[in-house]
Amino acid sequence: VRRFWHCVPGAGNLKWNWHLSLFCDEFERVIRRVVAGLPKENDLIFNEPPGTSKSTVFSILGPAWGWTIAPWLRFMSASNSDNLVTDLSSKSRDVIRSELYQKCFPEIQFREAQDAKGYFANTLGGDRFTCTVAGKSPIGFHFHAAIVDDPIDPKRMGSKAEVQTAREFMTNVLPSRKLDKLVSATILVMQRLGVGDPTDVILEESKKEGAAKV
């Protein structure tokens, strides 16, 4: 994150704080277990206010780093709108295309037949697919790790339909897309919005018998 921060379009100057170290440590811990094929210890939820660089770390630089240790990793990223999730995916793609990244990791090359902002793949088996909580479906795609970044628009939290759609995505759609239900990890990144928001839903689900810890 420190080394490649300047490769992120529009990221500005990096001002390090202890919470960024926590982001990196927890993301790495979870992804390394996935790479090793070990049953996950837990899924992750990060509740952070806007402006804490959570999307830059998790949705942009995180997957770019993941390919450096396991280029076959399959990432799925989801958000509340196609514009947002595509923008985050595109910026991650820009980092991977950057001169510095290619100098350090020349083995990571995009597969020409699948190189779009919202869905790209490398020549070593890895890919990144984007979807939306409501609309653009992930059906047909499976992941080693899913990064769900702001699954509901804060302005829409008052809509029962929006809240129910987000619940359905988190509890039914997302679990069905895992490559291995014991290993594949979910990382939810959002600000808390109130009772019944996706964080609330996942915490309640984690209390059920046999559910993954969070």
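Normalised by the number of residues in the chain, the mean separation of alpha-carbon contacts (under 8 Å, six or more apart) gives a relative contact order of 26 percent. Taking 1.306 mPa s as the viscosity and 10 °C as the temperature, the Stokes-Einstein diffusion coefficient of region 90-167 based on its alpha-carbon Kirkwood radius rounds to 108 µm²/s. One chain, two ends: residue 209 and residue 36. Fully extended at 0.36 nm per residue, the span grows by 59.7 nm beyond their Cα-Cα distance.
Per the 1.4 Å probe, what fraction of the accessible area of the chain, in percent, lies on carbon and sulfur atoms? Taking all protein chains in place, the chain shows 51 percent carbon and sulfur surface. Over region 15-112, what is the relative contact order in whole percent, taking alpha-carbon pairs under 8 Å and six or more residues apart? Result for region 15-112 is 24 percent. Within the shell defined by Cβ-Cβ distances under 15 Å, the residues around residue 213 carry a net charge of 0, with Lys and Arg each +1 and Asp and Glu each -1.
The residues packed around residue 55, meaning those with a beta-carbon under 11 Å from its beta-carbon, carry a net charge of -2 if Lys and Arg are +1 and Asp and Glu are -1.
For region 1-73, the Kirkwood radius over C-alpha pairs fed into Stokes-Einstein at 4 °C and 1.567 mPa s yields D = 98 µm² per second.
Ordered from longest to shortest, the equivalent ellipsoid semi-axes for the chain are 26, 19, 17 Å, each the square root of 5 times a Cα gyration tensor eigenvalue.
Relative contact order of region 55-113: 40 percent, from C-alpha pairs under 8 Å at least 6 residues apart in sequence. Each DSSP beta bridge with both residues in the chain is either parallel or antiparallel, and the antiparallel ones are about 20%. Here the Gaussian network model covers the chain, with springs between Cα atoms less than 10 Å apart; of 127, 180, 150, 180 fluctuates the most.
When all C-alpha to C-alpha distances in region 165-214 are sorted into bins of 5 Å, what percent of pairs does each bin hold, rounded to whole numbers? Pairs per bin, as whole percents: 4, 20, 29, 30, 12, 4, 0. Its residue count N fixes a reference of 2.2 N^0.38 Å for region 1-123, and the Cα radius of gyration divided by that reference is 1.04. Measuring how big region 123-214 is from its alpha-carbon positions, Rg and Dmax come out at 13.5, 44 Å.
Above 13 Å, the calculated P(r) of region 142-188 contains 57 percent of its Cα-Cα pairs.
This model, with +1 at the C-beta of Lys and Arg and -1 at the C-beta of Asp and Glu, gives the chain a dipole about its Cα centre of some 200 debye. By the helix-only formula, in which each DSSP H run with n ≥ 4 contributes -39500 (n - 2.57) and the sum is divided by residues, the chain has a 222 nm mean residue ellipticity of -9500 deg cm²/dmol.
Taking Lys and Arg as +1 and Asp and Glu as -1, the other residues whose beta-carbon sits under 9 Å from that of residue 89 total +3. One Cα centroid belongs to region 138-212, the other to region 1-61; the line between them spans 18 Å. Taking 7 Å steps out from each Cα toward its Cβ at residue 102 and residue 13 produces label points 3.0 nm apart. Entry comment: accessible area of region 131-188 is 46 Å² per residue, from protein heavy atoms only and a probe of 1.4 Å.
The values are calculated or read from the model by the stated rules, or taken from the named source; none is laboratory data. As the structure is a computational prediction, the values presented were derived from the model and not from experiment. Positions of Cβ are generated from backbone atoms using ideal geometry, with glycine treated the same way; all protein chains shown enter the neighbour counts. SASA here: full protein model, heavy atoms, side chains in, ligands and nucleic acids out. Shrake-Rupley method; radii C 1.70, N 1.55, O 1.52, S 1.80 Å.
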